[in-house]
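Let me begin by presenting the structure, written as C-alpha cells, before commenting on it.
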C-alpha cells in the first residue's frame, strides 16, 4: 500500500474476510434489531468455532473500525493462542508488568501478521470516515 493510495481512499469499505495466521475469518455486519447478541454494551463479537466476526451495522464508521480491531484481537487470540502464562496467584510474576508483557506476547506477532497479510484491513482502520 502506498501513501498515495491511502490518501486517495478516505472511505474504504470494511473488509468481509481477513486471514489470521492460517485461518480465514468472515466479517459480517448485523443490525442489533436482528441479532440479540448486539446490545448497547456489545457492538460486536467473535465466534471461534465458525471463524466469524460480527460488527454492529448501525455503529458509526469510526466506532466500526474500533470494534473491528477489538474483535480481530479476539480472533488473533483464538487463532494463534499463546503457551506462555504468568505465574500462579501467589507468585510475584502476577504484577502489572508481568501481565502487560503477557498480553503483548499474545498479540504482537498475530497483529503484525494480520496487518501484513491484509493491507485493506489496515487501510480501513486508518481511514478518517
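The values are calculated or read from the model by the stated rules, or taken from the named source; none is laboratory data. Owing to the predicted nature of the structure, the values given are computational and were not obtained by experimental measurement. Neighbour counts run over all protein chains shown; Cβ positions are idealised from the backbone, glycine included.
Scanning region 35-53 for residues that are out of contact with any helix residue (DSSP H, G or I) (no Cβ under 8 Å at 6 or more places or on another chain), surrounded by 15 or more Cβ atoms within 10 Å (Cβ to Cβ) and closer than 27 Å to residue 112 by Cα turns up 47, 52.
Suppose we filter region 18-29 for residues that are assigned to a strand (DSSP E or B) and closer than 15 Å to residue 76 by Cβ; how many remain?
Residues meeting the conditions: 7.
Residues in region 40-63 that are in contact with a strand residue (DSSP E or B) (Cβ under 6 Å, 6 or more places away or on another chain) and in a loop (DSSP other than H, G, I, E, B) were compared, and the one that is nearest to residue 80 (Cα to Cα) is 51. For the residues 15, 32, the requirement of being modelled with pLDDT of 85 or more, surrounded by 12 or more Cβ atoms within 10 Å (Cβ to Cβ), over 17 Å from the mean Cα position of the chain (by Cα) and not in a helix (DSSP H, G or I) singles out 32.
Residue-wise test of (1) surrounded by 15 or more Cβ atoms within 10 Å (Cβ to Cβ); (2) at pLDDT 80 or above.
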| residue | (1), (2) |
| --- | --- |
| 90 | no, no |
| 96 | no, no |
| 104 | no, no |
| 107 | yes, yes |
| 110 | yes, yes |
| 113 | yes, yes |
| 126 | no, yes |
| 129 | no, no |
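In the condition set (1) at pLDDT below 85; (2) buried (at least 18 other Cβ atoms within 10 Å of the Cβ), residue 59 is compliant with all but (1).
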